[in-house]
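Everything on this sheet refers to the single structure shown next.
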Amino acid sequence: MKTSRRVVITGLGVVAPNGIGKEPFWQNMIAGKSAIDYITAFDASAYPCQVAGEVRDFDPTAFMTARKAKMMGRFSQLAIGATRLAFEDANLTVNGDLSSSTGIFYGTSINGGGDIAARALENLLRDGVAGIDPWAALEYPPHAPSSYIAIEFGIHGPALSVSSNCCTGIDAINEGFKHIAEGASTVSVVGGCDAPIFPLAFGAFCALGAVTKRNDSPQNASRPYDGLRDGLVVSEGAATLILEELEFAQERGAHIYGEVLGHGSASEAIGMRKGDLSGKRMASAIAEAIHQAGLTPDDIDHVNAHGSSLLDYDICDTNAFKEALGQHAYRIPISSIKSMIGQPVSAAGTIQAVAACLSLRDQIVPPTINQEVRDPQCDLDYVPNAARVARVKHVLINGHSFGGSVAALVIGQTSVPSPK
């Protein structure tokens, strides 16, 4: 895609099971520390899966007033926390004319179905309509985080909501990228959030049969691409990136983590749960992202992969990488950070993007932990168990949703030196 304006990443905010803020998150990640543990948010003893990736140290009042925190669903709280961290990291305040030239492109899939909507239903069944919290209709829909970000940070540009399940974060980044590249805004706030660790939402994942039953060893439960994987680990979290037009970022002396270069997306169009083991549609999305970036497959130095620990989806990843990257797929380090934080649904893509930016910064790729038994159908270099120093100039990120949506994004080092 030819554009006249370049788009760079200047702020990273992350609220993840393994750390709040980019540095704790990253240090735990490159150390290969698992954040998966027994569920404490509710009594899960009767559930077939009893482990998850919880953000246990999150205090919403550290990021907003107690009154606002009381009103919001947890997914919105996580989004506000990540966004405040991102603005602080970017050293950017939105005011004056910049307010109207800043857009919000934020996503969620589960939204407030686990807490706000479930509680409203309980109250309705017990007390009738009079028992429903007056603000429930405002708080559970997927547009709540985008609206709250606009309100909290005084942003008057468009506030759009994105929802493509586990591809949401990647697609939200692309929407914000396009808005700047086409001249419609100067700054984009992009991100994803989800909070599924509530009885109803978590129980639905269990009923689907998609989750691990490895309850005896939580830290070993998420094992993407490993021969002993038995399902994903549900987790929660949020991540926000601040995107800026390159010249604007340079003029204000912003630190630049990298540049958004290309995006691709497609749909397998097979079924809501069944995936395409051949990886052909995923490969087409990856090829499109690389093409938009003006690169070749050999230019990709690292893949921060979807890698959810689902038996079929991990095979799809592997086959897609082989088809899209050719023989280069066997030479490239590929990591799944979900081995350490689980699957945070709509937050996954933006959390992967945060990790990708930090790989560009530090020239280190995180490990895929819990690699014990080689799966012959997942035979690429999945950076087993220990982080690795590597030359990283261009990173590919991919996502794969229930329902068949697939997406890919290329982030690279910017060719213009970042001011110190």
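Please treat every number below as a calculation from the coordinates, not as lab data. Just so we're clear, the structure is a prediction, and the values are computed from it rather than from any experiment. Every residue, glycine as well, gets a Cβ built from its backbone with ideal geometry; the counts of neighbours run over all protein chains shown.
Near ALA159, the amide H atoms lying under 5 Å from its own belong to ILE104; only residues 5 or more places off or on other chains count, and H is placed 1.01 Å from N.
Rounded to the nearest 20 debye, the dipole magnitude of the chain is 180 debye, with +1 charges on Lys and Arg beta carbons, -1 on Asp and Glu beta carbons, and the Cα centre as origin.
The distance separating the Cα centre of region 30-44 from that of region 52-94 comes to 20 Å.
For region 262-412, the percent of C-alpha pairs falling in each 10 Å distance bin, counted from 0 to the bin holding the largest distance, reads 12, 47, 37, 4. Reducing region 321-361 and region 225-248 to their Cα centroids gives an inter-centroid distance of 8 Å.
Straight-line reach from LYS33: taking Cα to Cα under 29 Å and skipping same-chain neighbours fewer than 8 places apart, the lysines in range are LYS22, LYS213, LYS322, LYS338, LYS393.
Taking a ≥ b ≥ c as the square roots of the eigenvalues of the Cα gyration tensor, the chain is oblate, since a/c reaches 1.5 or more and a/b is not larger than b/c.
When ASP317, ASP375, ASP276 are arranged by Cβ crowding within 10 Å, least crowded first, meaning fewest neighbours, the order is ASP375, ASP276, ASP317.
Considering only LEU396, PRO384, GLY21, the residue lying farthest towards the positive end of the dipole of the chain is PRO384, judged by Cα position with unit charges set on Cβ.
Computed on region 268-316, the Cα convex hull volume stands at 89 Å³ per residue. The P(r) of region 7-251 has a tail past 21 Å containing 59 percent of all C-alpha pairs. Once you reduce region 116-146 and region 187-207 to the center of their Cα atoms, the two points are 17 Å from each other. Taking amide H as placed 1.01 Å from N in the peptide plane, the amide H of GLY237 sits under 5 Å from that of ASP194, each at least 5 places away or on another chain.
With θ taken as phi - 60° and the Karplus curve 6.51 cos²θ - 1.76 cosθ + 1.60 applied, the whole-hertz 3J(HN,Hα) list for region 217-233 is 8, x, 5, 9, 6, 8, 9, x, 6, 7, x, 9, 5, 9, x, 7, 10 Hz, x standing for glycine and proline.
Of the residues ASN215, VAL354, ALA238, the one whose Cα sits farthest towards the positive end of the charge dipole of the chain is VAL354 (charges of +1 on Lys and Arg Cβ, -1 on Asp and Glu Cβ, taken about the Cα centre). Relative to the 2.2 N^0.38 Å rule of thumb, region 75-173 has a C-alpha radius of gyration ratio of 1.24. Place +1 on the Cβ of every Lys and Arg and -1 on the Cβ of every Asp and Glu in the chain, take the dipole about the Cα centre, and give the residue among ALA172, PRO333, VAL162 whose Cα lies farthest towards its positive end. In the chain, that residue is PRO333.
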